[in-house]
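Below: one structure, written as structure tokens.
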């Protein structure tokens, strides 16, 4: 069973830009018990004065140079199984070879896979506990690349759809394990005062690679110059090369990390469903926060799955345009807005932060809805930029928000609650959104686009809930 005291040294940054993905200064190192305040320092990128900026040591720079290329190559593989990109591929490639209802449900599954994979993060933390990190990381990276490559062998038939969906979901689950293990390597190799800058560079390179792969998928699906499955074979080769290169990576003083994990293993309480229910029962403020996060986050997850269907069946947009709107533009926009969100988050309670940031998601969703209802492509591009900007802030709040509720020593348990519930809604919300779309289409052909009002209403309800909590916080 997982020892969550160790897990908080390992669960961190998602360059998964996805699901969830490119919080440059946030997913880098969640705090170990007794070091919650240190997390705030990791996001103060914009507030470090020139006179106090610490230059990374030669050792840290050497470690960085060893891993920058492997993560770039792995990013090329990751971009092929990113939620929106994979959803567009499934919809375009398998339309007509399987029943429409089945294809649309497959779209929901792959679009929600990045979030759903969070539900197994505690398993990966348990697997990593007490094991050599680089060896485990290489094994996870290689297996991840192989699952990406499995898509290349999927036939253009119903059986191929099953193989594609299972391969993408499995790859995303393995990527969740990679992120869990990677954080321990980063926190061991890079001092706190340079951690955000160095890992931020890696996250940017990874995000560019992911966006490049997504753009290639869109171009191939549009031009039909080659079978899109060849890209997955190439992505697997890139991922395997990255894993092979990563073997040269080292973990500074790994013996200390393993010894600390061995010592904490006997002291820390395992995370369980019973503990999850206990925290929600005993902390009404966090329970309410999780309620509004559930509604707000589910609406955000529903949006992507529904937009893939609306873009394909209602607006008849090209695959390249769809991937550009849903993946490429949001991915390259997120790093640009992260410093601004970090300044807003710093020094304020997460409820106050969410009461503002939540409306950015609502605005982006409203712009997308307006673009769909009016059939105005420029408005959709504006919505894509707004969506990327809003998701940058959402990633920040997702990673650090629980610390404002947890006492020292329980932050890892509170994050466990948040991660688990994120995985649950990742598995449920996209299918619910697709079913709502299909129900409206069954009632009246062309009415499916109005299913977008569901995620708009849910994100607005979540933002209002955070505003309500802010009022209660101010009165307290």
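The values are calculated or read from the model by the stated rules, or taken from the named source; none is laboratory data. Bear in mind the structure is a predicted one, so any value in this text is a computation, not a measurement. Note that we place each Cβ from the backbone using ideal geometry, even for glycine, and neighbour counts take in every protein chain shown.
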Report summary line: Per the filter on segment 369-386, residues touching a residue at least 60 places away in the same chain (Cβ under 8 Å) and crowded, with 21+ Cβ neighbours inside 10 Å are 369, 372, 384
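Yes/no matrix, rows are residues, columns are (1) surrounded by fewer than 19 Cβ atoms within 10 Å (Cβ to Cβ); (2) more than 14 Å from residue 84 (Cβ to Cβ); (3) without any contact (Cβ under 8 Å) to a residue 12 or more places away in the chain:
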{"residue": "324", "(1), (2), (3)": "no, no, no"}
{"residue": "353", "(1), (2), (3)": "no, yes, no"}
{"residue": "356", "(1), (2), (3)": "yes, yes, no"}
{"residue": "361", "(1), (2), (3)": "no, yes, no"}
Report task. Just give me the residues in segment 112-135 being more than 26 Å from residue 414 (Cα to Cα) and assigned to a helix (DSSP H, G or I), in sequence order. Result -> 134, 135
Query raised in the report: Filter segment 432-448 for residues that are crowded, with 22+ Cβ neighbours inside 10 Å and at pLDDT 95 or above; which is farthest from residue 99 (Cα to Cα)?
Result: 433
Report summary line: Scanning segment 57-89 residue by residue, the ones that are crowded, with 22+ Cβ neighbours inside 10 Å and not in a helix (DSSP H, G or I) total 1
